[in-house]
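Structure, as C-alpha cells:
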Amino acid sequence: MKKNLTLIGGLFTLLYPLLVYFSLGQVSPSTLAFGLVLLALIRGASAMNTPGMPLQVAILLALAGILYIQGNVAWLRYYPVLINLTMLTVFAYSLWRGPSVIERLARLSEPNLPAAGVAYTRKVTQVWCGFFILNGSIALWTARFASWDHWTLYNGGIAYVLMGTLMAGEWILRQRIRTKQ
C-alpha cells in the first residue's frame, strides 16, 4: 500500500504544473484546495521519513489554506518555488551537518565509500544546491511575471529536462572518473 501511495504521490507531484494548467477555469479554487490537501495526505502517508517531506507537506497544506480562503489560483504557481527552496534547504543542511544527501544515496549501493567518493559526493551536492537556486529563481520569475502557458512550460517541462540533464551529465562524469581509477 505504501509503495502505491508513494507512486501516486510522486506522479501527482511531477504532473502538478500540468494538472494546475488544465484545471484552470474548469475546477473551483476550493476543489483545487481539496486536491492539495489530498496530495499532502498522500505524500505524508507514503514518505514522511524522507528528508524535507514534512516541510513539503506543510507547504501543500499552507497553499491549500491560502487558496481556499482567498480563492486566487495564482498562489498555485508558487509550489515549484517552495519545493526548490525545500530541496535547497535539505541539501545545504546536509553539507553543513553531513553526510551529504548525495553521499547517503551513494552509500546505498557502495556502503564503504572511499574518502575520494565522499569528497566527490559533497561536490555533487553543492552542484545540486546551485541547481535548486537557479531553478527556484526561474520558477519564481515564471510565478510572478510569466503567463500560465509559460509557467506550465517551464515548471512542467523545461525544469524536468534540466534536472534530467544534470543527472545524466553527473552519471557520465562519474563513469569517466571510475574508469580512470
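Report in % the part of the accessible area of the chain that belongs to carbon and sulfur, leaving out ligands and nucleic acids; probe 1.4 Å. Summing carbon and sulfur atoms, their accessible area is 70 percent of the total for the chain.
Helix content alone sets the calculated 222 nm mean residue ellipticity of the chain: runs of n ≥ 4 DSSP H residues at -39500 (n - 2.57) each, divided across all residues, give -26500 deg cm²/dmol.
Once the 1.4 Å probe is applied to the protein heavy atoms, the chain comes out at 59 Å² accessible per residue.
Dividing the mean sequence gap of close Cα pairs (under 8 Å, 6+ apart) by how many residues region 1-122 holds gives a relative contact order of 21 percent. Take 91-102, 108-119, 139-150 and order them by the average number of nearby Cβ atoms within 10 Å per residue, most first; the result is 91-102, 139-150, 108-119. Counting only Cβ charges, +1 for Lys and Arg and -1 for Asp and Glu, the dipole size of region 56-181 around its Cα centre is about 440 debye. Built from the Cα atoms of region 12-96, the convex hull projects on average onto 5.3 nm², one quarter of its surface area. With the Kirkwood sum run over all distinct C-alpha pairs, the chain has a hydrodynamic radius of 17.7 Å.
The values are calculated or read from the model by the stated rules, or taken from the named source; none is laboratory data. What you are looking at is a predicted structure, and each value in this text was computed from that prediction instead of being measured. All Cβ positions, glycine included, derive from the backbone under ideal geometry; neighbour counts span all protein chains shown. Areas reflect the complete protein model, heavy atoms only, side chains present, ligands, DNA and RNA absent. Shrake-Rupley method; radii C 1.70, N 1.55, O 1.52, S 1.80 Å.
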